[in-house]
1. Each residue of segment 138-144 in turn: what ³J(HN,Hα) in whole Hz from Karplus with 6.51, -1.76, 1.60 and θ = phi - 60°, glycine and Pro shown as x?
2. Assign unit charges at the C-beta atoms only (+1 for Lys and Arg, -1 for Asp and Glu), then state the dipole size of the chain relative to its Cα centre in Debye, rounded to the nearest 20.
3. Counting only other residues whose beta carbon sits under 14 Å from that of residue 153, what net charge do I get with K and R as +1, D and E as -1?
4. On a 29 Å Cα-Cα criterion, which of the cross-link pairs 75/100; 159/245; 7/33; 4/226; 51/226 come out too long?
5. Where does the chain land at 222 nm, in deg cm²/dmol rounded to the nearest 500, when only DSSP H runs of n ≥ 4 count, each adding -39500 (n - 2.57), divided by all residues?
6. For P(r) over Cα pairs in 10 Å bins from 0, in percent, one of (1) 6, 21, 19, 13, 10, 9, 8, 7, 5, 1, 0; (2) 7, 31, 38, 21, 4, 0; (3) 7, 29, 34, 18, 6, 4, 2, 1, 0 was computed from the structure I shared and the rest are decoys. Which label?
7. Report the semi-axes of the equivalent ellipsoid for segment 1-155 in whole Å, largest first, where each axis is √(5λ) for an eigenvalue λ of the Cα gyration tensor.
8. How big is Rg to Rh over segment 1-79, alpha-carbon atoms, Rh as the Kirkwood inverse-mean-distance radius?
Amino acid sequence: MMNKNFKRVVKIVLLVVVLIGLLVGYAFKIEPKMLVVHSYHLNEDKGASVKIVQISDIQVSETYTVNQLNRLVEKINQISPDMIVFTGDLFENFSTFPQKQEVTDSLSQLKATMGKFAVWGNRDYGGGAFKIYEDLLINADFTLLNNSGVTVPVSNDKKLFIGGMDDGLLGKPDIDLLLSQMDDTYDYEIVLMHEPDMAELLQDTSVNLLLAGHSHGGQIRIPFMKTIKTSLAEKYDDGFYTINKDNGMQLYVNTGIGTSRIAARFMVPPEIAVFTIHL
């Protein structure tokens with residue numbers, strides 16, 4: 001009887017070890033490449049519309065290569081967006097993977113009829129990336145929004161404002177400067193930011209939609225265990241949140257494309273978010 005029980009325990013232990021090994025392999029080798037597309041329609045009772053693709057936290061590195069970036073670009077172009085927005089963290093650590101020209105060439109292939117826009121993330125300041133980030137984006141036909149914004153005509157009588165705040169950890173976000181470029185003539189207002197917890201700084205404004213990243217959605221979510229949080233992404237870390245119930249202001253937190261610190265994802269696959277906004 002003792003021998004049978006021992007064999008049963010050994011079998012169970014071996015099964016658990018194999019299962020853990022499979023899950024670890026999945027987290028490191030499979031899920032980080034499982035790119036998902038989440039699509040949303042906002043203000044559906046309105047007329048003219050604009051299709052906006054948001055990507056965030058690409059974290060180009062030895063584990064998220066330029067070849068993978070090229071596949072991401074192809075996937076986005078298949079969606080045929082009117083506008084593409086990037087909410088920061090292009091490289092994981094530029095000093096260890098300085099692929100400036102290759103990344104420029106890849107991002108320049110992104111197609112959007114109404115423009116491509118980006119903001120600074122904390123990784124875009126760190127690792128020497130601050131020296132090349134703005135130049136790289138300009139050469140890839142992006143507009144870098146740094147406490148600034150632009151007007152985007154959507155139709156003959158509709159226009160939206162697209163603005164962006166500087167990074168909240170290593171930059172110098174200036175809300176007053178950003179707001180000074182807005183007026184009450186816009187049909188829809190969007191503000192990009194890297195860290196989602198900064199959203200509350202804009203809760204009393206007329207902005208309709210805030211788009212952020214930074215959190216990676218926790219990157220690894222193990223059932224019944226607390227998700228790991230990161231600075232300025234402790235309150236908001238995944239999906240939609242209502243920031244102001246009175247005016248309907250919403251925040252969307254994109255869980256990102258690449259990985260940080262550990263090259264694994266579990267129950268948080270890489271994400272492309274697509275917003276069809278009716279004005």
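1. 4, 5, 9, 6, 8, 9, 8
2. Values: 25 positive and 33 negative charges, 418 e Å.
My answer is approximately 2000 debye.
3. Residues near residue 153 contribute -1 overall.
4. 7/33; 4/226; 51/226
5. Details: 6 runs with 62 residues, N = 279.
Helices in the chain give a 222 nm mean residue ellipticity of -6500 deg cm²/dmol.
6. The value computed from this structure is option (3).
7. Numbers: eigenvalues 352, 99, 33 Å².
After scaling each eigenvalue by five and taking roots: 42, 22, 13 Å.
8. Checking Rg against Rh, the ratio lands at 1.31.
The values are calculated or read from the model by the stated rules, or taken from the named source; none is laboratory data. The structure displayed is predicted, hence computed values, not measured ones. With ideal geometry, Cβ positions are generated from the backbone for all residues, glycine too; neighbour counts draw on all protein chains shown. Only protein heavy atoms, including side chains, enter the accessible area calculation; ligands, DNA and RNA are left aside. Shrake-Rupley method; radii C 1.70, N 1.55, O 1.52, S 1.80 Å.
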